[in-house]
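The values are calculated or read from the model by the stated rules, or taken from the named source; none is laboratory data. A quick note: this is a predicted structure, and the numbers were derived from the prediction, not measured. Ideal geometry is used to build each Cβ from the backbone, glycine not excepted, and the neighbour counts take in all protein chains shown. Note: accessible area is taken over every heavy atom of the protein model, side chains too, but ligands, DNA and RNA are not part of it. Shrake-Rupley method; radii C 1.70, N 1.55, O 1.52, S 1.80 Å.
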Amino acid sequence: VARMTDLSLQAEAAPEGGHRKSAAKQILSQPSAVIGGAIVIFFILVAIFAPALAPFDPNASDWLSVRQAPSALHWFGTDDLGRDILSRVVFGARASLLAGVIAVAIAIAIGVPLGLIAGYFGGLLDAAISRCTDALLAVPFLVLAIALAAFLGASLQNAMIAIGVSAVPIFIRLTRGQVLVVKGEDYITAARAVGVRDRDIIVHHVFPNVLAPIVVQGTITMAVAILAEASLAFLGLGQRPPAASWGSMLDVARQFLTEAPWMAVWPGLAIVAIVLGFNLLGDGLNDALNPHRDDE
């Protein structure tokens, strides 16, 4: 934590353009960041250009091609309704990435400000926020997400909200811990002494110096959110049929594991690949943004 703060303090003393170049160079020097970033970019492009990449309509049934094995016509085979699995995997990337992005955005939008307030002001406000955070963290993440999704109702939008709210305590605790370190620095004390308003100190001095670990945590939480969305869809609490979703595809495939195992293989591999990509990217960013990584 302290080392990441040191990195941000060094950034204030360096020219902004030079710092950006240095940060980009450090990130590109990390093989895990490059590999993970390439995987993530690949899936983002697949999701964006899904209509052009999918060889068939992902929701079009063909009763003459039910549960066909992979072939020259259907590279990934077909499902129980004769739908092309490759097309559904391609369109399923949209649901997974959208769910991950929205869920993490919700978690950051709520968790980071609360963490900044709790860590900077302390006192009863900090105690109240911390106790609520501890209570939420006592419940396993996925269990909390399932409970919220069941309460809100089965839909992709509600799944995003459930996952995002479940991840809020993670960002509250992370941000609060970073702020507790930063607010004891001399430049914060000096800003207070000359009468700089608390809001300006938080926005212009505290937040920039806790941003790096938030970015890293956000990347890793994307992987968790995508897994959670697939789990909710598998349980019937996410994307509703007939729209394509990797989790819902696995839910259907489990009924035909013996007769048509390819129905589960491809969406399963897609989930593994995207989660691996975000985890590698997060690890690479963490190493790149830690100026003392070589000393560990």
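Annotations
- Span from the segment 27-46 Cα centroid across to the segment 71-133 one, whole angstrom: 18 Å
- Three principal axis lengths of segment 186-264 [C-alpha, angstrom, descending]: 73, 19, 15
- Highest to lowest packing among 220-233, 152-165, scored as the average C-beta count within 10 Å: 220-233, 152-165
- For the chain: relative contact order, % (alpha-carbon pairs under 8 angstrom, 6 or more apart): 29 percent
- Listed values for segment 211-223 are Karplus-derived 3J(HN,Hα) couplings in whole Hz (6.51 cos²θ - 1.76 cosθ + 1.60, θ = phi - 60°), namely 5, 4, x, 5, 4, 4, 5, x, 5, 5, 5, 4, 4, and x replaces Gly and Pro.
- Efficiency of FRET between L142 and S29 - r from beta-carbon atoms, R0 25 angstrom, step 0.05: 0.10
- With loop membership from DSSP and a limit of 15 other Cβ atoms within 10 Å, the longest segment of the chain without chymotrypsin sites (Phe, Trp or Tyr not before Pro) is 76-296.
- The 3J(HN,Hα) values that the Karplus relation (6.51, -1.76, 1.60; θ = phi - 60°) gives for segment 276-289 are, in residue order, 4, x, 5, 5, 4, 5, x, 5, x, 5, 4, 5, 5, 8 Hz. Gly and Pro appear as x.
- V196-I48 FRET efficiency (beta carbon distance; Förster radius 41 Å; 0.05 resolution): 0.40
- In the context of the full set of protein chains, the chain has a per residue accessible area of 48 Å² (1.4 Å probe).
- For segment 218-282 and segment 160-193, distance of Cα centres in Å: 32 Å
- Placing unit charges on each Cβ (+1 for Lys and Arg, -1 for Asp and Glu) gives the chain a dipole about its Cα centre, and among F91, Q68, A150 the Cα reaching farthest toward its positive end belongs to A150.
- Pairs of alpha carbons in the chain separated by more than 30 Å make up 42% of all such pairs.
- Taking 0.36 nm per residue of sequence separation and removing the Cα-Cα distance, the A69/L257 pair yields an extension gain of 66.4 nm.
- The residues neighbouring Q217, those whose beta-carbon lies less than 14 Å from its own, together hold a net charge of +1 under the Lys/Arg +1, Asp/Glu -1 convention.
- Solvent-accessible area, 1.4 Å probe, carbon plus sulfur percent, for the chain: 68 percent
- Along the chain, the longest continuous region that contains none of the trypsin sites (Lys or Arg not before Pro) in a DSSP loop with at most 16 other C-beta atoms within 10 Å is 68-196.
- Here the Karplus relation 6.51 cos²θ - 1.76 cosθ + 1.60, evaluated at θ = phi - 60°, turns the backbone of segment 187-202 into coupling constants of 5, 6, 4, 5, 5, 5, 5, 8, x, 5, 5, 4, 4, 5, 5, 5 Hz, with x for every Gly and Pro.
- Relative contact order %, segment 119-171, counting alpha carbon pairs below 8 Å whose residues are six or more apart: 38 percent
- Scattering curve values for segment 43-163, log₁₀ I(q)/I(0), Debye with Cα scatterers, q = 0.12, 0.14, 0.21 Å⁻¹: -0.65, -0.77, -1.12
- Mean ellipticity per residue at 222 nm, deg cm²/dmol - from DSSP H runs of n ≥ 4 across the chain, formula -39500 (n - 2.57): -24000 deg cm²/dmol
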